[in-house]
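Encoded as structure tokens, the structure appears first; notes follow it.
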Amino acid sequence: MLYIVKYSGPFGFIKPWTAVRDSETYSQQFLTPSIVAGIERKLFPELLKDDDGEIKKIARHRLSYKQISQQQEQIQPRGWNEKGTRNNKTYERPYAILVRGVLIEPVLFLAFLNEADAINASKQHICLARNEDLLYPDEEIMEVSETEFETNDELFTGFELIFERNEKSFLVGYNRLKKKEAMYGHLKVVGNPVKTNY
């Protein structure tokens, strides 16, 4: 049995794994293991003690949205570039522009195996990446079988990255808490995750 908490909000920024990956693979359509682990640590801060980066309480998730609004962001690298001659040196940090997507009207389902964890999660907001992009929980906790979560493409429509390695999997990041161990997953699409009814 799964205990499902539904979160929604007007928009939510999902930080991509890297800027290049976001623009080339639309990684914002799914949540990486590190994003799910981050949401979990926000909901259950006790997991921060002896954190190994593994997901412990969120069993499944599903993300849908209305559209992605492309936003530009100005960035600078951390390092400095040295220019000029030995006697006339200057240092500069060049600017660059990244295009990142903001999800419009995202809906996120978080599934828990334990009802107490779902109740705790249903009393808190979450943010998909930045503190100002908040998603709020519905009051009702849905209790469904895993089969219904898998097959009900009207209620639980969305993108879900299944965190396992098989022939369909691709690299989705590195676990910095486990000696940069590679993380893999494969994308599951249920129903029509991009809402067309306005």
Tabulated pairs, region 28-40, first closer than 20 Å to LEU113 by Cα and buried (at least 23 other Cβ atoms within 10 Å of the Cβ), second at pLDDT below 85 and of a type in the set (Ser, Thr, Tyr), C-beta under 9 angstrom, 6+ apart or interchain: none
Strands (runs of 3 or more DSSP E) (entirely within region 36-97) containing at least 1 residues that are among the charged types (D, E, K, R) and at pLDDT below 90: 67-75, 81-84, 89-92
Count - residues of region 172-188 that are surrounded by fewer than 16 Cβ atoms within 10 Å (Cβ to Cβ), within 27 Å of GLN67 (Cβ to Cβ) and among the aliphatic types (A, V, I, L, M): 1
Top-ranked residue in region 98-117 [being modelled with pLDDT of 90 or more and under 19 Å from PHE11 (Cα atoms); ranked as surrounded by the most Cβ atoms within 10 Å (Cβ to Cβ)]: LEU110
Members of region 55-112 found to be more than 30 Å from GLU146 (Cα to Cα) and touching a helix residue (DSSP H, G or I) at 6+ places or on another chain (Cβ under 7 Å), listed by number: LEU98, VAL99, ARG100, GLY101
Residues of region 165-179 classified as in a strand (DSSP E or B) and of a type in the set (Gly, Ala, Ser), total: 1
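The values are calculated or read from the model by the stated rules, or taken from the named source; none is laboratory data. From a predicted model like this one, the values you see are computed outputs, not experimental measurements. Quick reminder, even Gly has a Cβ in these numbers, built from the backbone with ideal geometry, and neighbours come from all protein chains shown.
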